[in-house]
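Inspection log for the structure reproduced underneath, given as structure tokens.
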Amino acid sequence: MSNSKRTASMVAMALLVVAYFVMPPPAKAASIEDSVQISKLLADAKTESVELKHDALEMESFTRSKLSWESHATAITRIKGHINKVGELVTQLNDARHAGSPWQQDAIDRITPLLRELAANTESTIEHLNNNRNRLHTTEYKNYVVANYDLASDLAALIGDFVDYGKAKEKFETLQQKLETN
């Protein structure tokens, strides 16, 4: 585990401990269990979003090369495929939202609009590519591709943070039960 991930996990754990002791007793008793299904869907979305980010970075690097429009088209098709897979997972997350804990519902609510923005930008990129096959080095096209990478990075980070939070929360609760603290 990298130092930054280890540090992030430790910070998350510390925040959970502080929140537990600061939270009033009725709120502790009223906490809702995390949905295993939602946690699994978030983990799947994390995996897909990391691949999406990788492909978006690769395509962004194409803007500094003389690759053909077909190479760009192949890359954007892969990106669109990842977006569609994440979209399917987000649809399943929204369908299961009612069973989620508050943090899981918040995750779904924050992921959904970011994915929509990424999908819209990807469609604009595809449209621009289709209409300007010989103009791949314009500022406008580069802006679309860079925005795609930025949005894909933000999506991967957001989903990853929620997955890490869920794991830290689960570990905290397991340790709490093990130590039988209240």
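Do you know which residues across region 137-150 are in contact (Cβ under 8 Å) with a residue 40 or more places away in the chain and in a helix (DSSP H, G or I)?
Answer for region 137-150, where residues must be in contact (Cβ under 8 Å) with a residue 40 or more places away in the chain and in a helix (DSSP H, G or I): Tyr141, Lys142, Val145, Val146, Asn148, Tyr149.
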With the structure loaded, tell me whether Ile108 is more than 20 Å from Tyr141 (Cα to Cα) and not in a helix (DSSP H, G or I) or whether it fails that test. no
Go over the candidates Glu140, Glu123, Glu117 one by one and state the one that is open to solvent by 20 Å² or more (accessible area, probe 1.4 Å), more than 13 Å from Ala73 (Cβ to Cβ) and under 18 Å from the mean Cα position of the chain (by Cα). Glu117
All but one of (1) within 15 Å of the chain's Cα centre (by Cα); (2) within 21 Å of Ser71 (Cβ to Cβ); (3) among the small types (Gly, Ala, Ser); (4) open to solvent by 20 Å² or more (accessible area, probe 1.4 Å) hold for Ala152, so report the exception by its number. (4)
Take the residues in region 48-72 that are open to solvent by 30 Å² or more (accessible area, probe 1.4 Å) and under 14 Å from the mean Cα position of the chain (by Cα); name whichever of them is nearest to Ser124 (Cα to Cα). Lys53
Suppose we keep only residues that are among the charged types (D, E, K, R) and touching a helix residue (DSSP H, G or I) at 6+ places or on another chain (Cβ under 7 Å) within region 90-134. Which one would you say is farthest from Asp161 (Cα to Cα)? Arg133
From the list Arg97, Arg110, which one is under 16 Å from the mean Cα position of the chain (by Cα), open to solvent by 50 Å² or more (accessible area, probe 1.4 Å) and within 30 Å of Ala168 (Cβ to Cβ)? Arg110
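Please state which one of Ala45, Ala75 is at pLDDT 65 or above, surrounded by 14 or more Cβ atoms within 10 Å (Cβ to Cβ), assigned to a helix (DSSP H, G or I) and within 19 Å of the chain's Cα centre (by Cα).
Only one candidate passes the filter, namely Ala45.
Residue by residue, here is whether (1) in a loop (DSSP other than H, G, I, E, B); (2) touching a strand residue (DSSP E or B) at 6+ places or on another chain (Cβ under 9 Å); (3) farther than 28 Å from Leu41 by Cα; (4) touching a residue at least 24 places away in the same chain (Cβ under 8 Å) holds:
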residue	(1), (2), (3), (4)
Asn84	no, no, no, no
Leu93	no, no, no, yes
Arg116	no, no, no, no
Arg135	yes, no, yes, no
Ser153	no, no, no, yes
Leu175	no, no, no, no
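The values are calculated or read from the model by the stated rules, or taken from the named source; none is laboratory data. Note that this is a predicted model, so its numbers are computed, not measured. Please note: Cβ atoms are built from the backbone with ideal geometry, for glycine as well, and neighbour counts cover all protein chains shown. Only protein heavy atoms, including side chains, enter the accessible area calculation; ligands, DNA and RNA are left aside. Shrake-Rupley method; radii C 1.70, N 1.55, O 1.52, S 1.80 Å.
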